[in-house]
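Notes for the one structure printed next.
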Amino acid sequence: FGEVVKGLNETFALPRNVRIIFQECGMVNAYYDPQWHSLNVCYELIDSFEKAFKAKAENPDDDEAITNHVLNTLMFVFFHEMGHGLIDLYNLPVTGNEEDAVDQLATLISTGEDVETSRDALDGAQMFVVDNLDDTPADSLSYSDEHALEPQRYYNIVCWVYGQNPEANADLVGEDALPEERAAWCQEEWTKLNEAWLTLLAPFVKE
């Protein structure tokens with residue numbers, strides 16, 4: 001994370017310091033605190049990632065592969081919370097749901113030219129459905145939460161990764177993957193979110 005933070009400091013002219021805190025929280029969480037201008041990651045969240053990927057892994061004893069999945073997912077979460085921080089620090093306008101907006105930013109930062117260079121985003125998406133994609137019931141709390149339903153977040157992120165380079169990411173579309181009906185719009189969605197975030201952040205990027 002040191003290199004990532006260094007890169008962010010070299011990219012953005014922040015109006016104040018932001019503390020990056022890893023700590024035990026007594027809950028599974030990661031969050032940006034606008035009062036203290038801190039980005040907080042709970043050790044319990046990291047533990048939950050490890051348990052979830054181990055439970056789903058074909059080889060639960062492949063510690064290296066599981067660690068990579070955890071780190072990729074953690075990086076996506078970090079960029080998501082960083083998005084909340086940038087909105088707060090720069091007082092950026094958000095016309096839609098802020099959680100969706102920062103999912104877009106995290107995907108934008110985490111997506112490369114193809115599937116292999118987009119692992120942060122795709123593992124981050126996978127975390128939303130690592131237990132069950134179809135059978136997890138939604139309740140009133142799920143529907144009223146500021147976040148979209150987890151399967152929706154999964155398909156959104158996969159859609160945006162696909163839309164960045166449909167040819168290189170063609171394997172993301174099809175049966176048991178991104179439906180073709182949604183995939184048809186993903187390149188346009190990617191273009192819009194890319195242009196929107198670059199426009200919003202342009203005044204704050206260092207020369």
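The values are calculated or read from the model by the stated rules, or taken from the named source; none is laboratory data. Nothing here was measured: the structure is a model prediction, and the numbers come from that model. Positions of Cβ are backbone-derived with ideal geometry, glycine not excepted, and every protein chain shown enters the neighbour counts. For accessibility, only protein heavy atoms count, side chains too; no ligands or nucleic acids. Shrake-Rupley method; radii C 1.70, N 1.55, O 1.52, S 1.80 Å.
Among Glu181, Glu44, Glu81, the largest mean-square fluctuation in a Gaussian network model of the chain (Cα springs under 10 Å) belongs to Glu181.
Take the Cβ-Cβ distance between Ala57 and Cys25 as r, set R0 to 41 Å, and report the resulting FRET efficiency rounded to the nearest 0.05. All intermediate terms of the calculation are to be shown ahead of the outcome.
Working: r = 26 Å, r/R0 = 0.63.
The calculated FRET efficiency here is 0.95.
Mean-square fluctuations from a GNM of the chain, with a 10 angstrom spring cutoff on Cα atoms, peak among Leu108, Leu193, Leu122 at Leu193.
Which of the trypsin sites (Lys or Arg not before Pro) across the stretch 2-53 are loop residues per DSSP, with 10 or fewer other Cβ within 10 Å? Could you put the intermediate results ahead of the total?
Values: sites: Lys6, Arg16, Arg19, Lys51; in loops: Arg16.
When the trypsin sites (Lys or Arg not before Pro) of the stretch 2-53 are filtered for loop state and at most 10 Cβ neighbours within 10 Å, Arg16 remain.
As an exercise, use a Förster radius of 25 Å and the Cβ-Cβ distance of Phe204 and Trp36 to find the FRET efficiency, rounded to the nearest 0.05. It comes out at approximately 0.75. Take every pair of alpha-carbon atoms less than 8 Å apart whose residues are at least six positions apart; their mean separation over the length of the chain yields a relative contact order of 18 percent.
Across the stretch 202-207, computed HN-Hα scalar couplings (Karplus, 6.51 cos²θ - 1.76 cosθ + 1.60, θ = phi - 60°) run 3, x, 10, 7, 5, 5 Hz from first to last residue, x flagging Gly and Pro.
Screening the chain for whole DSSP H helices of 30 Å or more along their axis (Cα) with average Kyte-Doolittle hydropathy at least 0.0 returns 63-90. When only alpha carbons are used to place a centre, the stretch 68-132 and the stretch 1-51 end up 13 Å from one another.
Regarding the stretch 1-119, what whole-number volume in Å³ per residue does the convex hull of its Cα atoms give?
Numbers: hull volume 16.0 nm³, N = 119.
Cα-based convex hull of the stretch 1-119, divided per residue, equals 134 Å³.
Antiparallel beta bridges, as assigned by DSSP with both residues in the chain, represent about 45 percent of the total such bridges.
Take the alpha carbon atoms of the chain, find their radius of gyration, then divide it by 2.2 N^0.38 Å using N residues; give the quotient.
Compactness ratio reported: 1.02.
Roughly how many percent of the accessible protein surface of the chain is carbon and sulfur, given a 1.4 Å probe and a whole-percent answer? Walk me through the intermediate numbers first.
Values: 5780 of 11900 Å².
Percent of accessible area from carbon and sulfur atoms in the chain: 49.
Our helix-only sum for the chain, with -39,500 (n - 2.57) per DSSP H run of n ≥ 4 divided by its residues, gives a mean residue ellipticity at 222 nm of -18000 deg cm²/dmol. What the Cβ-Cβ distance of Leu149 and Asn91 gives, at R0 = 30 Å and to the nearest 0.05, is a FRET efficiency of 0.55.
Bridging of Lys6 to lysines at a Cα separation below 20 Å is possible for Lys206, once same-chain residues fewer than 8 apart are set aside.
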